[in-house]
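Reading through the structure tokens given below for one structure.
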Ligand SMILES: Cc1cc2nc3c(=O)[nH]c(=O)nc-3n(C[C@H](O)[C@H](O)[C@H](O)COP(=O)(O)OP(=O)(O)OC[C@H]3O[C@@H](n4cnc5c(N)ncnc54)[C@H](O)[C@@H]3O)c2cc1C
């Protein structure tokens, strides 16, 4: 147990080292009085899974939702689960597993509601959509203190824009205390995984751009390259198509096939693979990009990756990617504030430095920004899964995330959070 009451115990090391002004656990009426804002730049940090550098900041108050908003309730006959705004994906998935159900969670079970509200890209998204595509109801408080309770199927015209805003941009508008999610029957999963070289990675990316919706590719490029091809086997057709791809993958002799009873049993990028250094003495930032099929540019992209990795300033830095497509491309840009529906790849750049080494921090952030610049030709958009209002890149990230919907979002922010109680846009 930490002795210092001004430290928040969370997975993100930047946040767990932050000297917060205060930690509160329950939303009371007076929370929305701006009495605690001693300056214009103060705002309330909200913590669910605590996996980002935005859930705690020096000198700011954190609302930690994990204790008071951790309820999980399954309405099995409706295939609907209602969870609190402080529930982490591990607890959601363990609960669902007992009922032979599942949900398209991401590559880690550590994230909390931030995963669900900022988009939520899963290896299963190509079949089931993003996490936001599976939100049926939302309860919470707008930044102006108004309690909201919205259901997808009974929205009035005044609520429609807010509903869209909460799906993809909720952290700027509201504190979400309950989310209703569609759930799915669980099926067996095949994983084809292993170390590959960059030449093999380029061939596998090429193959993946033609995948059916039950398959997705995820890769990490660190000291070495490791890939996961995810396949859900729901029916005979899945079995048949997956077998066809397995034949094509046979030539990559380092890949092995693993069978899992369900999605919850998979542990992506485990420590044992020693892909990157998970160092508690490091601080880090992550930036998530979005782009379309690489098509004929795969080889140029691989050359670019080679250079990025060659220049990484700290052993822990890496670039990894997830694959979108299928169902995620079917939704209209207008259904949410995750507007880049045409995208296929979500690479993210993980930049880490020794936590008290400010010189190294500068070098590492420069590497992150330069790598982003190089990758922009392939992946010009942003997935705002991490809020970087403390970094110079914030404004550009916000613009590249919300694009043509940014002015609507600014209007929503002015209505829902006029005093900027919540993180600034
Ligand atoms: C190991 C790891 C793996 C990941 N894998 C994936 C992946 O596969 N796919 C993917 O899409 N993303 C992935 N992410 C990114 C992650 O989903 C996002 O960064 C997400 O925002 C983290 O949410 P959190 O609740 O854990 O973090 P927090 O730091 O607690 O919250 C993040 C932000 O969301 C806001 N927020 C959180 N909860 C609420 C709430 N209830 N109401 C209002 N605002 C809230 C907070 O303001 C905060 O700034 C991964 C992250 C990690 C660390």
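Odds and ends about this structure:
- Flag: residue 141 does not match the condition of being in contact with a strand residue (DSSP E or B) (Cβ under 8 Å, 6 or more places away or on another chain), closer than 22 Å to residue 234 by Cβ and surrounded by fewer than 24 Cβ atoms within 10 Å (Cβ to Cβ).
- Take the conditions (1) in a strand (DSSP E or B); (2) out of contact with any helix residue (DSSP H, G or I) (no Cβ under 9 Å at 6 or more places or on another chain); residue 237 misses just one of them, which is (1).
- Residue satisfying condition, being closer than 16 Å to residue 180 by Cα and at pLDDT 95 or above, within set 94, 134: 134
- Residue match in segment 218-234 (condition: touching a strand residue (DSSP E or B) at 6+ places or on another chain (Cβ under 8 Å), farther than 20 Å from residue 306 by Cα and more than 16 Å from the ligand (Cβ to nearest atom)): yes
- Among the residues listed as 230, 268, 211, 276, the single one being surrounded by 17 or more Cβ atoms within 10 Å (Cβ to Cβ) and modelled with pLDDT under 95: 276
- One residue stands out in segment 371-392 among those that are touching a residue at least 40 places away in the same chain (Cβ under 8 Å) and not in a loop (DSSP other than H, G, I, E, B): the one that is nearest to the ligand (Cβ to nearest atom), namely 382.
- Leading residue by the ranking (farthest from the ligand (Cβ to nearest atom)) among those in segment 285-314 that are in a strand (DSSP E or B) and surrounded by 21 or more Cβ atoms within 10 Å (Cβ to Cβ): 291
- Every residue from segment 63-77 that is more than 9 Å from the ligand (Cβ to nearest atom) and at pLDDT 95 or above: 67, 68, 70, 71, 72, 73, 74, 75
- A single entry from 357, 332 fulfils the requirement of being at pLDDT below 95 and either within 15 Å of the ligand (Cβ to nearest atom) or out of contact with any strand residue (DSSP E or B) (no Cβ under 8 Å at 6 or more places or on another chain) (or both): 332.
- Test result for residue 254, assigned to a loop (DSSP other than H, G, I, E, B), over 21 Å from residue 128 (Cβ atoms) and touching a residue at least 60 places away in the same chain (Cβ under 8 Å): yes
- Per-region count, segment 402-417, residues free of Cβ contacts under 8 Å to residues at least 60 places away in the same chain and surrounded by 15 or more Cβ atoms within 10 Å (Cβ to Cβ): 1
- Of all the residues in segment 44-62, those that are more than 7 Å from the ligand (Cβ to nearest atom), in a loop (DSSP other than H, G, I, E, B) and surrounded by 17 or more Cβ atoms within 10 Å (Cβ to Cβ) number 5.
- The numbered conditions (1) at pLDDT below 95; (2) buried (at least 24 other Cβ atoms within 10 Å of the Cβ) are all true for residue 158 except (2).
The values are calculated or read from the model by the stated rules, or taken from the named source; none is laboratory data. Small disclaimer: the values here were computed from a predicted structure and weren't measured. FYI the Cβ positions are ideal-geometry reconstructions off the backbone, even for glycines, and counts take in every protein chain you see.
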